[in-house]
Amino acid sequence: MSSALPRSPTPRAPKMKKDESFLGKLGGTLARKKKTREVTDLQEEGKSAINSPMAPALVDIHPEDTQLEENEERTMIDPTSREDPKFKELVKVLLDWINDVLAEERIIVKQLEEDLYDGQVLQKLLEKLAHCKLNVAEVTQSEIGQKQKLQTVLEAVQDLLRPHGWPLRWNVDSIHGKNLVSILHLLVSLAMHFRAPIHLPEHVTVQVVVVRKREGLLHSSHISEELTTTTEIMMGRFERDAFDTLFDHAPDKLNLVKKSLITFVNKHLNKLNLEVTDLETQFADGVYLVLLLGLLEDYFVPLHNFYLTPDSFDQKVHNVAFAFELMLDGGLKKPKARPEDVVNLDLKSTLRVLYTLFTKYKDVE
């Protein structure tokens, strides 16, 4: 992370030789603290766990993660899950979102685990999103101070999310321990609550390796962790309507509705020599939607009020949001969809908006 904020140095893991065993890597830090025999025993314990049939040959885990007390456990994401394109997309989308929110703070997050674990960035992120000021020390170098700050930040998050009834799949120890799964759960929940103008990839699931010490031995197991579901569930639209039924159970009728809406919009847009063939993509930048509303209400929309050739996500969102304002001015209810949903090519959201217009203006010539 590039930031004007001072940070505590991150300890470097011991350098590995090419043929060094996985548990040799894990034992590197321990060798300075334990007797040689204890380190050897730990390595042998780990080999039986990590090299079991269901465990990956190599798991990226910090050396200190093998210093487990009895019944203590550590978790890590399976390397194959880290390489999954949807997982990589989720991480990138969240990184870009955080950096957009914190741009004015001159904070650049490059790696979620390393930059969020001490609570400093999470504090700034929450203050920016919630328009609040948390009563915490600005700079905390000690582990105790970092955890105290994290506790305050996470309690504030819990107060925000409690009304949703969502399970909180993180705590101070997991975030401070750089548990990426916990950090992702936290960020996804924040994005959902604050209706972030981003498109989270759907159905992202990772395989998590769990290592636990039981009766002096390390045991490993795999569990599946669901990070995201569907856009509609994540963004809180639980009330189903006719379009949900059409999408789920009547695709043939859905095609008829789309044809009717295309006929309706072209009846008016043709006056400007414009033609729509694809509802999902051609309304995504908001331009046709703004022009259509002007035609339906019989007024000219000043060009300085919207972007005629938008070239960024924010400009497209501005256009669609402006069109929604025009709908409200025309006596229509606020659309159920979000502007971001239309821009993100969510067909169901676009159809809902257009059907609202069709219902009121279908008889307008």
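Overview of values
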item: Where only alpha carbons of the range 260-365 are counted, the Rg and the Dmax (Å); result: 12.3, 35
item: Average accessible area per residue (Å²) across the range 65-157 - probe 1.4 Å, nucleic acids and ligands excluded; result: 50
item: Full-extension gain in nm, residue 99 to residue 134, via 0.36 nm per residue minus C-alpha separation; result: 10.6 nm
item: Listed residue (303, 288, 257) projecting farthest to the positive dipole end of the range 250-311, Cβ model; result: 257
item: Intensity falloff of the range 79-178 expressed as log10 I(q)/I(0), Debye formula with alpha-carbon point scatterers, at q = 0.12, 0.23 Å⁻¹; result: -0.43, -1.38
item: Segments 336-346, 353-363 sorted - mean Cβ within 10 Å per residue, highest first; result: 336-346, 353-363
item: Other-chain or far-sequence residues with amide H under 5 Å of residue 205's (modelled H); result: 227
item: Fraction of accessible area attributable to carbon and sulfur, the range 136-227 (%, probe 1.4 Å); result: 49
item: Percent carbon-and-sulfur accessible area, the range 286-346, ignoring ligands, DNA and RNA, probe 1.4 Å; result: 54
item: Per residue, the convex hull volume that the Cα atoms of the range 124-188 enclose (Å³); result: 86
item: FRET efficiency, 1/(1 + (r/R0)^6) with R0 25 Å, evaluated for residue 202 and residue 270 via beta carbons; result: 0.10
item: Segment residue 315-residue 328, extension gain: residue separation times 0.36 nm, minus the distance between their alpha carbons; result: 2.7 nm
item: Using θ = phi - 60° and Karplus 6.51 cos²θ - 1.76 cosθ + 1.60, couplings along the range 213-220 (whole Hz; Gly, Pro as x); result: 9, 9, 6, x, 10, 8, 10, 10
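The values are calculated or read from the model by the stated rules, or taken from the named source; none is laboratory data. Only a predicted model underlies this, so the values are computations on that prediction, with no experimental measurement involved. Please note: Cβ atoms are built from the backbone with ideal geometry, for glycine as well, and neighbour counts cover all protein chains shown. Surface areas here come from the heavy atoms of the whole protein model, side chains and all, with no ligands, DNA or RNA. Shrake-Rupley method; radii C 1.70, N 1.55, O 1.52, S 1.80 Å.
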